[in-house]
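A.B. asks: Below: one structure in structure tokens.
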Amino acid sequence: MTYKLQISIFGSEVNLILKDKKGNIVSKISWTDKRDLSEKIIIQIDKLFKKNNIFFSNIYKVDFDCDSPYYKKSKKMSLFENVSSKNKCGFTSWQIGEITAKTLNLSLTKGKK
């Protein structure tokens, strides 16, 4: 069976969600980021996989989402626009989450060739 891994960061809440092909949630791990996301994210992904007895080869896609007002692909926004980011995903967390997802997706693509 194959799964999609969703990495979501809303405020300081980090969620790793494992979904089946139909989009149903199979499993989830959540924690509060304490400015140590770079140290924990891969470890927590590994825990999620072990908890569900799956391997990276069972993943077909990794998605990322966060609530930063600057992380909206469909809306072009100037960094100088006055937007409140209080209690939202911070820039560093956003970058760590997005880079992790992109790197894992690249690994998936390279592994299928």
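The values are calculated or read from the model by the stated rules, or taken from the named source; none is laboratory data. None of the values given here were measured: they were computed from a predicted structure. Here Cβ is always computed from backbone atoms with ideal geometry, including for glycine, and neighbour counts include all displayed protein chains. The accessibility values were calculated without ligands, DNA or RNA, using every heavy atom of the protein model including side chains. Shrake-Rupley method; radii C 1.70, N 1.55, O 1.52, S 1.80 Å.
A.B. asks: Kindly rank 33-44, 10-21 from highest to lowest mean number of other beta carbons found within 10 Å of each residue.
C.D. replies: Working: 33-44: 14.1, 10-21: 16.3.
Result, highest mean Cβ count within 10 Å first: 10-21, 33-44.
A.B. asks: Where does each of Lys61, Lys4 land when they are ordered by accessible area, with a 1.4 Å probe and the largest first?
C.D. replies: So, going from the largest accessible area down, we get Lys61, Lys4.
A.B. asks: Just to confirm, what accessible area per residue do you get for the chain at 1.4 Å probe, in whole Å²?
C.D. replies: 66
A.B. asks: Give me the percent of accessible area attributable to carbon and sulfur for the chain, probe 1.4 angstrom.
C.D. replies: Here it works out to 52 percent.
A.B. asks: Please list, in chain and number order, the residues 5+ apart from Glu13 or on another chain whose amide H is under 5 Å from its amide H, with Hs placed from the backbone.
C.D. replies: Amide H neighbours of Glu13: Asp33.
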